[in-house]
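One structure is given here, and the rest of the page talks about it.
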Amino acid sequence: MFLDGKVGVVTGSAMGLGKAIAIALAQEGADVACLDIRAAENMETAQEIRKLGRRAVDLSCDVADKNDVRRAINHVMREFGRVDVLINNAGVYVLSPMVGADFDRITDDYDRLFAVNTKGTFLCTLAVVPIMLKQGRGEIINVVTNHVKRERYHAESRGHIYDATKWAQLSLNETWAAELKQHSIRVNGLCPAATDTAMLRSVMPNPSPEVLANWMKPADVALAVINILKQGPDGPAGESYLIVTRKDAEKLAGKLAPA
Ligand SMILES: NC(=O)c1ccc[n+]([C@@H]2O[C@H](COP(=O)([O-])OP(=O)(O)OC[C@H]3O[C@@H](n4cnc5c(N)ncnc54)[C@H](O)[C@@H]3O)[C@@H](O)[C@H]2O)c1
């Protein structure tokens, strides 16, 4: 298996995309550190990974808290001694319309979304990059959103805070890719469209069968992660792949950097 002997760190691993990605890494041979604030569900993810014959640790970690992130990555190093793959996936989504907004509520939403979606990505990467630099190689994948693909998607009026956090995350993705490429650390982004998780169901609780048919499954996005990793050190960096269907995930296999 191509990830035998490798160690992956996945944030937001208790459910949804993060859980599917953590399990997919293990299915390819990786040992996995699962970081989440939902202890019970995160423990289940780790148990599923152990059933696959891989090692797993579930760590209570609020990615927005620098002490939590420091502690978690120190724990991963004590347990596994290396980090080969970091998946910045933990995220939160709230609809916060401007019209009729309650000042206190919307400013709390703003702080929370930036803390988790943007600062969380920043802190985890900051903690892991020195390890990857020492190893001379690493893979970082940031789970962004299709909303940053303006050629396909218009700004969604009530999602202004969420989208702003994701544009900032995309900017980190591009800048890190440019700086870290020369150190053999590949940074790429994934921009999934609607995928059937608790997050999406929180804003669309009762999708019609037609709508549901267009939603991806978390495993489809996990396949995109695996196919980016399979591209290897010579694969593209600084990309932000739009994944709307499983076919988009399949197409990432074997893609090489432009000459
Ligand atoms: N589901 C979609 O349609 C969709 C589409 C595009 C992008 N995304 C992105 O994919 C990622 C995963 O989303 P999902 O749909 O699986 O969401 P989800 O709500 O189903 O799962 C999110 C996970 O992140 C964890 N989490 C939340 N705050 C955290 C924190 N502070 N520290 C650590 N963990 C925390 C939650 O406990 C949960 O396990 C997010 O970044 C989201 O923005 C989702």
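The values are calculated or read from the model by the stated rules, or taken from the named source; none is laboratory data. Predicted, not measured: the structure shown is a model, and the values here were computed from it. Neighbour counts run over all protein chains shown; Cβ positions are idealised from the backbone, glycine included.
Inspect all residues belonging to segment 162-174 and state whether any of them is in contact (Cβ under 8 Å) with a residue 40 or more places away in the chain, within 15 Å of the ligand (Cβ to nearest atom), of a type outside the set (G, A, S) and closer than 25 Å to F2 by Cβ. Within segment 162-174, one or more residues are in contact (Cβ under 8 Å) with a residue 40 or more places away in the chain, within 15 Å of the ligand (Cβ to nearest atom), of a type outside the set (G, A, S) and closer than 25 Å to F2 by Cβ. For segment 193-204, residues that are assigned to a helix (DSSP H, G or I) and either more than 7 Å from the ligand (Cβ to nearest atom) or surrounded by fewer than 14 Cβ atoms within 10 Å (Cβ to Cβ) (or both) total 4. Only residues that are surrounded by fewer than 22 Cβ atoms within 10 Å (Cβ to Cβ) and either of a type in the set (K, R) or at negative phi (or both) were counted across segment 224-236, and they come to 8.
The helices (runs of 4 or more DSSP H) found wholly in segment 84-181 and carrying at least 1 residues that are among the aromatic types (F, W, Y) and farther than 16 Å from V63 by Cβ occupy 103-113, 160-180.
When K19 is tested against (1) farther than 26 Å from V129 by Cβ; (2) among the basic types (K, R); (3) within 12 Å of the chain's Cα centre (by Cα), just one condition goes unmet, and that condition is (1).
Going by the structure shown, is V76 at pLDDT 95 or above and either part of a helix (DSSP H, G or I) or acidic (D, E) (or both)? When the stated conditions are applied, V76 passes them. The residue of segment 138-186 that is surrounded by the most Cβ atoms within 10 Å (Cβ to Cβ), among those that are over 13 Å from E239 (Cα atoms) and basic (K, R), is K166.
Look at segment 132-145: where a residue is touching a residue at least 24 places away in the same chain (Cβ under 8 Å) and within 21 Å of T118 (Cβ to Cβ) and a partner is among the basic types (K, R) and part of a strand (DSSP E or B), sitting 6+ places away or on another chain with Cβ atoms under 6 Å, you get E139/R186. Determine if segment 15-23 includes at least one residue that is touching a residue at least 12 places away in the same chain (Cβ under 8 Å), near the ligand (Cβ under 9 Å from one of its atoms), part of a loop (DSSP other than H, G, I, E, B) and under 17 Å from P218 (Cβ atoms). Checking segment 15-23: at least one residue is touching a residue at least 12 places away in the same chain (Cβ under 8 Å), near the ligand (Cβ under 9 Å from one of its atoms), part of a loop (DSSP other than H, G, I, E, B) and under 17 Å from P218 (Cβ atoms). Taking the numbered list (1) surrounded by fewer than 19 Cβ atoms within 10 Å (Cβ to Cβ); (2) within 17 Å of T145 (Cα to Cα); (3) within 12 Å of the ligand (Cβ to nearest atom) in turn, T245 passes all entries but (3). For segment 31-71, a residue qualifies if it is closer than 16 Å to V85 by Cα, more than 12 Å from the ligand (Cβ to nearest atom) and either part of a loop (DSSP other than H, G, I, E, B) or in contact with a Cys (Cβ under 6 Å, 6 or more places away or on another chain) (or both), and the qualifying residues are R54, R55.
The condition of being closer than 29 Å to K6 by Cβ and touching a Ser or Thr at 6+ places or on another chain (Cβ under 7 Å) holds for only one of D84, D62, D58, that being D58.
Looking at segment 129-147, which of its residues are farther than 18 Å from S96 by Cβ, within 15 Å of the ligand (Cβ to nearest atom) and either touching a helix residue (DSSP H, G or I) at 6+ places or on another chain (Cβ under 9 Å) or of a type in the set (G, A, S) (or both)? Once the filter is applied, which keeps residues that are farther than 18 Å from S96 by Cβ, within 15 Å of the ligand (Cβ to nearest atom) and either touching a helix residue (DSSP H, G or I) at 6+ places or on another chain (Cβ under 9 Å) or of a type in the set (G, A, S) (or both), segment 129-147 yields I140, I141, N142, V143, V144.
Residues of segment 205-259 that are touching a residue at least 40 places away in the same chain (Cβ under 8 Å), in a helix (DSSP H, G or I) and hydrophobic (A, V, I, L, M, F, W, C): A219, V221, A222, L223, V225, I226, I228, L229.
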